Amino acid sequence: MKVLVLAIDRDDDFGKKAGVKGPVIGKGKCIDAALKLSLADPEDSDANVVYAAVKLYDELKKSGEFEDVEVALITGHPDVGIKSDLELARQLEEVLGKFPAEGLIPVTDGAEDEQVFPILSSRLPIVSSRRVVVKQNETIETTYYVIYRYLKEILSDPEAARVFFGIPGLIFLLYGVGKLLSVSYPQSMDIISNVVAGVILLFIGGYAFTKGFRIQVFRALVNEFVQVIFGVSGLLIIIAGMINAYVNIDAYAQQLLGEVPPPGLIKLILYVHSINTTIIIGIAVILAGRIVQAYLRKTSHIWYSVAGILILPAFWIIVDITGRYALSIINFHSLATILEISAAVVDVIFSVIASTFIRRYFIHWASGGEIETGAGDQELRVAQETT
């Protein structure tokens, strides 16, 4: 079996530093090439790769394990990647044209050169491989290559670049601005520090929130501007109501119960009861935004939001009754409670019936048809089938 001991220099240090053009075939020529690189850059480990290949060549020659053995050096290109790998494949073909090997033993100095093993194995079988370790330099080069590769991938991916460079860059920028301001206004250092920390946490938290819930903010602002405005308004109403209820919880308890309960389950129920109206109003605003956006886009799913608004009064009544019952303010035998429950039931029934007709109307409307008085079931069925 004819075996080729092949030293690999993927990034062409031999060409850049020593002016050696690959491929280099033969023991003497390989030693000359290694000497030139050692004189040009004594710290370059690629020269040691060639020396190791020559040493392995001598050992295999002496052992007589193989029918014939040859040693060669192939060099790639400074632009590591497709260009360098194509050059290595071309030089390998040239070497095999002069020495038709049946097996291959590649010799490298780290993980980067080993990336070409699939190219080599596609041409002829790899009998064995040898990695050259120069003292403790193997770990350093492998670590450097891994870091370099991932940094390159991060920089080429806009999304990853924003996370790994954009956010830390914003943090350093804000802290830098804060430090500069503190020089001119040292008395306001605490305020500046808190503002900077708050902005950083707000940005990082907002980014994590939008990514976690797959909310595409910029696309939503462009494509669903009305819905975003109504949604933000609804959330602000809910948040403001929750804060107001928390601040005035004692006054509300005094008004409703005649006393302020200690912290515990009763106070929690009281708090939920106090924010009931605010939450319903906020949800109604959010649903109104969805209705306006759906109307502008002429989509049949507008009926979902309309049905949601119709059933909100029943939801408010249920929360109100259960909250007051839990606080022992009312009982289910009083006329007022029975009337409220009846109103909730009526609202649910009305919402279901109205939603059925609203759905038919908007399906027909979204399909481009015109609603006419006395339209038959056949027309409605056709409109439904188009959705």
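Taken over the range 243-327, the alpha-carbon convex hull comes to 90 cubic angstrom per residue. Beta bridges per DSSP, both residues in the range 1-100: antiparallel share near 20 percent.
The mean sequence distance of close C-alpha pairs (under 8 Å, at least 6 residues apart), as a share of the length of the range 241-348, puts its relative contact order at 25 percent. Going from the fewest other Cβ atoms within 10 Å to the most, the residues S38, S342, S367, S122 appear in the order S122, S342, S367, S38.
Within the range 56-88, find all residues whose amide N lies under 15 Å from a label point positioned 7 Å from the Cα of K36 along Cα-to-beta-carbon. Counting only backbone N, you get 73-76.
The slack between I126 and L202, meaning 0.36 nm per residue of separation minus the straight C-alpha distance, is 21.8 nm. Listed by chain and number, the lysines whose C-alpha is less than 30 Å from the C-alpha of K2, apart from same-chain residues fewer than 8 away, are K21, K27, K29, K36, K55, K61, K62, K83, K98. Each residue in L236, L327 was given a count of other beta-carbon atoms within 10 angstrom of its own, and listing them fewest first yields L236, L327. Neighbour counts of other Cβ atoms within 10 Å put H77, H301, H333, H364 in the fewest-to-most order H333, H301, H77, H364.
Label positions at I338 and L265, each projected 7 Å from the Cα along the C-beta direction, are separated by 3.0 nm.
For the peptides 259-271, 85-97, residues were scored by their other Cβ atoms within 10 Å and the scores averaged per peptide; the highest-first order is 85-97, 259-271.
Laboratory data are not the source of any read-out in this text; all were calculated from the coordinates shown. Source: prediction; values computed, not measured. Cβ atoms come from the backbone with ideal geometry, glycine included; neighbour counts cover every protein chain shown.
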